[in-house]
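Working notes, structure below.
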Amino acid sequence: AKASGKAQMALYSDALQRDAHHRLEMENALTDALSRDQFEIHYQPIVEVAASRSRVVGVEALLRWRRGDRLVPPDEFISVLEETGAIVEVGEWVLREACRQVLLWHANGHKKLRCSVNLSSRQLQESGFADVVARVLAETGFPATSLVLEITESLLMQDGPETLATLRELENSGVRIALDDFGTGFSSLGYLHRYPLHIIKVDKSFITKAAGDERLKAISRAIIGLGRGLRMDIIAEGIETPEQMEFLHTEGCQFVQGYWFGRPQPAGLIKPLLDSMLDP
Ligand code: C2E
Ligand code: CA
Ligand code: CA
Ligand code: CA
């Protein structure tokens, strides 16, 4: 038993070493990913639900990393960028790139299309982040009122003293703030009161399970009511079926996002979908 225990320890530390090696390798590869133009942005439509005709009112920018012939999803590398601090630079690139792209769509008949960009806590903690946003808006000519910045509850949990001031500054410039993944982690209703937030994004885990679950339905309903009472927009995430769509429509949820309407795709592929939803 002792010998096999030892053997197991050895296996375990092998695995740890492999993990550490893998991570180091990833860190190295990520260092010059930006300068080598390996990042790309996919866009997922955000749809306003209407009885007669739904239409795309915005897109969410989602980062991808082209590594060789593999397209690496953000869950695999964002945390590494956050640890090295590179997320600050990459995040600014995403913001600028997304604004440039959506501005092109503005010029092509989608005048009011909103652009949603995800923020990491590292970015908000940088002093002068509101100035960075202002500079990108000025440089690209993108209207502040069409920009949405998405932050998570965990970001607010570990906020520094400047976070509130920065969010207020952004709000004053016309930018809107969305609270992402609402209801997953350490939701505190206090956040809705304390911070200038304009949009709640109901996490997809609620939507996915709500269909057959009365209690989850009640929770979704309550969140939608809460948003209405606070005059915030509600976006339900992760809509994959017509049944989920029907439920949310019945409950008065105004905006949705999910595979049912469109997966995140490169700009060129999302354009036909945008056009198909143009007002006639
Ligand atoms: P998120 O902000 O919650 O983004 C929504 C995620 O749900 C996306 O995953 C999207 O592809 C996925 N999704 C959308 N509709 C459906 C659906 O109907 N069903 C299912 N199962 N999934 C759906 P993705 O693109 O892999 O991004 C994962 C996370 O990575 C994002 O979660 C966000 O937290 C982070 N992320 C992505 N881009 C950026 C970025 O530029 N900066 C930062 N800081 N984080 C980013
Ligand atoms: Ca998001
Ligand atoms: Ca989310
Ligand atoms: Ca998330």
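Every read-out reported here was derived from the displayed coordinates using simple, explicitly stated rules and does not represent laboratory data. Since the model is a prediction, treat every value here as computed from it, not as a measurement. Cβ placement follows ideal geometry from the backbone for every residue including glycine, while neighbour counts extend to all protein chains displayed.
State whether the range 182-280 is rounded, prolate or oblate according to the following rule on the C-alpha gyration tensor (a ≥ b ≥ c being the square roots of its eigenvalues): a/c under 1.5 gives rounded; otherwise a/b larger than b/c gives prolate, and the remaining case gives oblate.
prolate
From the backbone phi of the range 112-121, what are the Karplus-calculated ³J(HN,Hα) couplings (6.51 cos²θ - 1.76 cosθ + 1.60, θ = phi - 60°) in whole Hz, Gly and Pro given as x?
9, 4, 8, 10, 9, 10, 7, 10, 9, 4
In the neighborhood of TYR195, defined by Cβ-to-Cβ distances under 11 Å, what is the net charge if each Lys or Arg adds +1 and each Asp or Glu adds -1?
-1
Just rank LEU71, LEU179, fewest to most, by other beta-carbon atoms within 10 angstrom.
The most exposed by this proxy come first: LEU71, LEU179.
What lysines could a cross-link reach from LYS209, if we take a straight Cα to Cα line under 20 Å and drop same-chain neighbours fewer than 8 places away?
LYS201, LYS217
Given R₀ = 30 Å, FRET efficiency for GLU246-THR184 by Cβ-Cβ distance, to 0.05?
Calculated value: 0.80.
Where does the longest stretch of the chain lie that holds no chymotrypsin sites (Phe, Trp or Tyr not before Pro) found in a DSSP loop with 14 or fewer other Cβ atoms within 10 Å?
Free of exposed loop sites, the longest segment is 1-185.
Give me the net charge for the shell around ARG168: Cβ to Cβ below 12 angstrom, other residues only, Lys and Arg +1, Asp and Glu -1.
Result for the neighbourhood of ARG168: -2.
If I take R0 = 35 Å and measure r between the Cβ atoms of ALA15 and GLU48 in this structure, what FRET efficiency does the formula 1/(1 + (r/R0)^6) give, to the nearest 0.05?
0.15
Relative to the compact-globule scaling 2.2 N^0.38 Å, provide the ratio for the alpha-carbon radius of gyration of the range 33-126.
In units of the 2.2 N^0.38 Å rule of thumb, it is 1.22.
Return the Rg/Rh value of the range 94-186, two decimal places, where both radii are evaluated on C-alpha atoms and Rh is the Kirkwood radius.
Rg divided by Rh gives 0.98.
The range 53-76 to the range 188-248: how many Å between their Cα centroids?
Between the Cα centre of the range 53-76 and that of the range 188-248, the gap is 22 Å.
Nearest 20 debye, what's the magnitude of the dipole of the range 209-280 about its Cα centre given +1 on Lys and Arg Cβ and -1 on Asp and Glu Cβ?
In debye, rounded to 20, the range 209-280 gives about 240.
Helix 214-229: angle to the longest alpha-carbon principal axis of the chain, degrees 0 to 90, nearest 10?
60
Using helices alone, what [θ] at 222 nm do you get for the chain, with -39,500 (n - 2.57) per DSSP H run of 4 or more residues, divided over all residues and rounded to the nearest 500?
-15500 deg cm²/dmol
Can you compute 3J(HN,Hα) from phi for each residue in the range 232-246, using the Karplus curve 6.51 cos²θ - 1.76 cosθ + 1.60 with θ = phi - 60°, rounded to whole Hz and x for Gly and Pro?
Once θ is set to phi - 60°, the couplings for the range 232-246 become 9, 7, 10, 10, 8, 9, x, 6, 10, 10, x, 5, 4, 4, 4 Hz.
Send over the per residue convex hull volume for the chain, Cα only, as a whole number of Å³.
For the chain, the hull spanned by Cα atoms encloses 176 Å³ per residue.
Could you name the lysines whose alpha carbon sits less than 20 Å from that of LYS271, not counting residues in the same chain fewer than 8 places away?
Answer for LYS271, where 20 Å is the Cα cut-off: LYS111, LYS112, listed by chain and number.
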